[in-house]
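The values are calculated or read from the model by the stated rules, or taken from the named source; none is laboratory data. Owing to the predicted nature of the structure, the values given are computational and were not obtained by experimental measurement. So basically every Cβ, Gly included, is an ideal-geometry build from the backbone, and we count neighbours across all protein chains shown. Just the protein is used for accessible areas: all its heavy atoms, side chains included, with ligands, DNA and RNA removed. Shrake-Rupley method; radii C 1.70, N 1.55, O 1.52, S 1.80 Å.
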Amino acid sequence: IPVTGLVLGVYESEREDDSLHLTESAAGVDRVLSGKLTELLKISGPGLKKGKSRIFYGLHEDFPCIAVVGLGRNSLGVCGTEYWDTCKENIRAAIAGGCRVLQNHVLTHIEVDGCNDSQSAAEGAVLGLFTYDDLKTKKKTRVTTQLHGSGCVSGWEKGVLYGEGQNLARYLMEAPANHVTPSVFADTITNRLAPYADHVTVHKRSQEWIEEQQMGAFLSVSKGSEEPPVFLELHYNGCPDNAQCPLLLVGKGITFDSGGISLKPPSGMDAMRADMGGAATVCSAIVTAAALNLPINIIGLAPLCENMPSGKANKPGDVVTAKNGKTIQVDNTDAEGRLILADALCYAHSFNPRAIVNAATLTGAMDVALGSAATGVFTNSDWLWEQLHKASVVTGDRVWRMPLFQHYTRQVTDCQLADLNNVGKYSRSGGACTAAAFLREFVTAPHWAHLDIAGVMTNKDEVR
């Protein structure tokens, strides 16, 4: 018999006092308990602030543990300085925290207050309960969740799918590189898409196909590893009767990045198992779109390989030829992500896409610039920027527009041996910007955006 817990929300008062306002679901529970919940909240300490929680035991016969979480003020909405919907973000963070607390009490099932926004509550619950412990002998308690009370069920179900999609990307990024090779990555996504085979097509392209496509930049990175490269191509056809041009998503898929001959320092190198975060997010987005049955056509491309040092690996100063015929001087083998993306972007144009969006854990310079607060977006399209920005406000995954000046283009085209250099002329100066300028040399589409997600690839203490 599952042991069930309950997470309920309370809002802070709009006045400068410690009074609390229960959500509709919390008020319902309080009525069943004849006001006992309100009474205990008053005597157990000062007003419950945003993100804080209190646990009560033995109050309700159906719920041995009840976690009450602070949601902040109910009147908050889209914040013009934070660039997100503060109320939604508070709900996600508070519910995630409450679910984690109950999980630590070895509960196996949790009912969750919808907090007047069931989708955000579901996202918080699913994201908060994620853990990667597949390889541990002792595992955390597996917890199931459901909406408590009479909230919006469709919103809850949508939020669960959003959260599960993000957790799929997190799972792939957390797994060790020897457990998620390029081939295993492709097989994992293929299996996750199997239930949607009626409107999803998967192509797992081999090295022979990559060679036929003359993707010389991609192949130059992969040749240093004993793991063969894979080019994963996903077609989601959500509008089968609509001849609309597809949205094209491209993700960087370096399943481990040692830096190649330009070897990275050992400290923190283990995190480079997540250097395929772009591919993980792109493929997970398509899995989620299929699960939601979204009325849109999407094509996802993920060049997958390792970047390893060996006698066959790229050497600083080598010149390789990309799919579009441009030559590239590889002065830094640790700037490999842009090489595999260059060929994938060239291939993307063959589908006449409505827009191209690529995502990549591309540069440490982006982490230096923005930290984990926002994704850096480089785009040649004001329209596409507006779509991305609007979506980011709703989801809480913030974006910040970065420059695509010719100033940076000149730094990668002023090259001694080839058409382009894979690093800027002034090395680390404006590194995220010169990387974006390099990618732009392989784009002719009028609506393209490059998302550098290096800063947001890991959880840091300022982001729940």
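Give the residue, chosen from ALA454, ALA432, that is within 26 Å of GLY259 (Cβ to Cβ), in a helix (DSSP H, G or I) and in contact with a helix residue (DSSP H, G or I) (Cβ under 7 Å, 6 or more places away or on another chain).
Going through ALA454, ALA432 in turn, the sole match is ALA432.
For segment 406-464, give me the residue count where each residue is farther than 30 Å from GLY51 by Cβ and out of contact with any Gly (no Cβ under 7 Å at 6 or more places or on another chain).
Count: 37.
One line per residue, one yes/no per condition, for (1) modelled with pLDDT under 95; (2) farther than 28 Å from ALA373 by Cα:
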position: ARG15; (1), (2): yes, yes
position: VAL29; (1), (2): no, yes
position: PHE56; (1), (2): no, yes
position: GLU82; (1), (2): yes, no
position: LYS88; (1), (2): no, no
position: GLY97; (1), (2): no, no
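Output yes when any residue across segment 148-169 is surrounded by 17 or more Cβ atoms within 10 Å (Cβ to Cβ) and closer than 19 Å to SER53 by Cα, and no when none is.
For segment 148-169, residues surrounded by 17 or more Cβ atoms within 10 Å (Cβ to Cβ) and closer than 19 Å to SER53 by Cα: present.
Out of THR201, THR188, I need the residue that is under 16 Å from GLY300 (Cβ atoms) and touching a His at 6+ places or on another chain (Cβ under 7 Å). Which one?
THR201
From the set of residues in segment 257-282 that are of a type outside the set (Gly, Ala, Ser) and in a helix (DSSP H, G or I), which is surrounded by the fewest Cβ atoms within 10 Å (Cβ to Cβ)?
Taking the candidates together, the pick is ASP270.
Considering only segment 175-209, state which residues are without any contact (Cβ under 8 Å) to a residue 24 or more places away in the chain, within 30 Å of THR458 (Cβ to Cβ) and either touching a Pro at 6+ places or on another chain (Cβ under 7 Å) or charged (D, E, K, R) (or both).
ASP187
Against the conditions (1) under 30 Å from GLY9 (Cβ atoms); (2) surrounded by 20 or more Cβ atoms within 10 Å (Cβ to Cβ), where does ALA186 fall short? Just the number, please.
Of everything listed in (1) under 30 Å from GLY9 (Cβ atoms); (2) surrounded by 20 or more Cβ atoms within 10 Å (Cβ to Cβ), ALA186 misses just condition (1).
For segment 34-63, which positions are more than 17 Å from LEU20 (Cα to Cα) and buried (at least 16 other Cβ atoms within 10 Å of the Cβ)?
Correct list: LEU59, HIS60, PHE63.
I'm checking my understanding of the structure. Among residues of segment 375-419 that are touching a Ser or Thr at 6+ places or on another chain (Cβ under 6 Å) and of a type outside the set (Phe, Trp, Tyr), which one is most open to solvent (accessible area, probe 1.4 Å)?
Here the answer is ASP419.
Considering only segment 127-147, how many residues are touching a residue at least 12 places away in the same chain (Cβ under 8 Å) and open to solvent by less than 10 Å² (accessible area, probe 1.4 Å)?
1
Just to check your reading of the model, which residue among GLU157, GLU211 is over 29 Å from MET308 (Cα atoms) and among the charged types (D, E, K, R)?
Result: GLU157 is the single residue among GLU157, GLU211 that is over 29 Å from MET308 (Cα atoms) and among the charged types (D, E, K, R).
With (1) assigned to a helix (DSSP H, G or I); (2) more than 17 Å from GLY28 (Cβ to Cβ); (3) in contact with a Gly (Cβ under 6 Å, 6 or more places away or on another chain) as the list, and SER154 as the residue in question, which single condition is left unmet?
(3)
Any idea which of (1) outside any helix (DSSP H, G or I); (2) open to solvent by 40 Å² or more (accessible area, probe 1.4 Å); (3) over 22 Å from GLU226 (Cβ atoms) is the one ASP334 doesn't satisfy?
(3)
Which is under 22 Å from GLY268 (Cβ atoms) and in contact with a Leu (Cβ under 7 Å, 6 or more places away or on another chain), of ALA449, ALA435?
From the options ALA449, ALA435, the qualifying one is ALA435.
Filter segment 423-451 down to the residues that are among the hydroxyl-bearing types (Ser, Thr, Tyr) and open to solvent by less than 10 Å² (accessible area, probe 1.4 Å) and list them by number.
Across segment 423-451, the qualifying residue is only THR434.
What number of residues in segment 109-155 are at positive phi and in contact with a Ser or Thr (Cβ under 6 Å, 6 or more places away or on another chain)?
So the answer is 2.
Just to be sure I understand the filter: pairs with C-beta atoms under 8 Å, separated by 6 or more residues or on different chains, first member in segment 242-271 and touching a residue at least 24 places away in the same chain (Cβ under 8 Å) and on the phi > 0 side of the Ramachandran plot, second member open to solvent by less than 20 Å² (accessible area, probe 1.4 Å) and part of a strand (DSSP E or B). Which pairs pass?
Note: pairs meeting the criteria are GLY259/ASN307; GLY260/ASN307.
Name the pairs whose Cβ atoms lie under 6 Å apart, with the first residue in segment 316-336 and on the phi > 0 side of the Ramachandran plot and modelled with pLDDT under 95, the second open to solvent by 50 Å² or more (accessible area, probe 1.4 Å) and in a loop (DSSP other than H, G, I, E, B), and 6 or more positions between them or separate chains?
Listed pairs, sorted by first residue: none to list.
If only one of GLY97, GLY124, GLY72 is open to solvent by less than 30 Å² (accessible area, probe 1.4 Å) and closer than 26 Å to ILE286 by Cβ, which one is it?
After applying the criteria, what remains is GLY124.
Is it the case that some residue within segment 248-256 is open to solvent by 10 Å² or more (accessible area, probe 1.4 Å) and not in a helix (DSSP H, G or I)?
The answer is yes, given that some residue of segment 248-256 is open to solvent by 10 Å² or more (accessible area, probe 1.4 Å) and not in a helix (DSSP H, G or I).
Residues in segment 226-243 that are of a type in the set (D, E, K, R) and open to solvent by less than 10 Å² (accessible area, probe 1.4 Å): how many?
Number satisfying all stated conditions: 1.
When the residues of segment 191-209 are narrowed to those that are open to solvent by 50 Å² or more (accessible area, probe 1.4 Å) and in a loop (DSSP other than H, G, I, E, B), which ends up nearest to TYR347 (Cα to Cα)?
Per the criteria, the residue is SER206.
Report yes if ALA217 is open to solvent by less than 50 Å² (accessible area, probe 1.4 Å) and either within 20 Å of the chain's Cα centre (by Cα) or among the aromatic types (Phe, Trp, Tyr) (or both), otherwise no.
No; evaluated as a whole, the condition is false for this residue.
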